[in-house]
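Report on the structure given below.
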Amino acid sequence: MPDSTFSGRRVRWGIGLLVGGMLIWVAFFDSHSLWQRYRWHQELEATTQENTDLRAKIERLRSQLDRPLSDSVVERIAREEYGMKRPGETIYRVEPGE
């Protein structure tokens, strides 16, 4: 009788180790492990938030495009961004010092 009890314990331990090993494998090492799924979920949340922010920025830019630019704004952009000048005018660029 003691041999059957010992054998039953070994079988239960073996099954327990096998199930434990499988759980550890599924949780951490499988290609679709719980850990990998958690990381994908975090990445999805970050991407969704970035997408929402970009959509809001697109809407702000579209509303800016719908507004007409005044002549003074067009002149400022032409001078600052493209270095344009009026006839007979001399432009001196000032670089920020360090």
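Taking the helices alone, the chain has a mean residue ellipticity at 222 nm of -24500 deg cm²/dmol, built from -39,500 (n - 2.57) per DSSP H run of at least 4 residues and averaged over all its residues.
With each label modelled as a point 7 angstrom along the Cα→C-beta vector, the L69-W40 pair spans 4.6 nm.
Put in line by how crowded their Cβ is, counting other Cβ atoms within 10 Å and starting with the fewest, D71, D30 read D71, D30. For segment 2-82, the dipole from Cβ point charges (+1 on Lys and Arg, -1 on Asp and Glu) about the Cα centre works out to 560 debye, to the nearest 20. With Rg/Rh (Cα atoms, Kirkwood Rh) as the read-out, I listed (1) 0.91; (2) 0.99; (3) 1.60; which label goes with the value calculated from this structure? Of the listed options (1) 0.91; (2) 0.99; (3) 1.60, (3) comes from this structure. Between L17 and R93, the simple spin-label model (points 7 angstrom out along Cα→Cβ) gives 7.4 nm.
FYI, it's all coordinate maths here, none of it is from the lab. Only a predicted model underlies this, so the values are computations on that prediction, with no experimental measurement involved. Every residue, glycine as well, gets a Cβ built from its backbone with ideal geometry; the counts of neighbours run over all protein chains shown.
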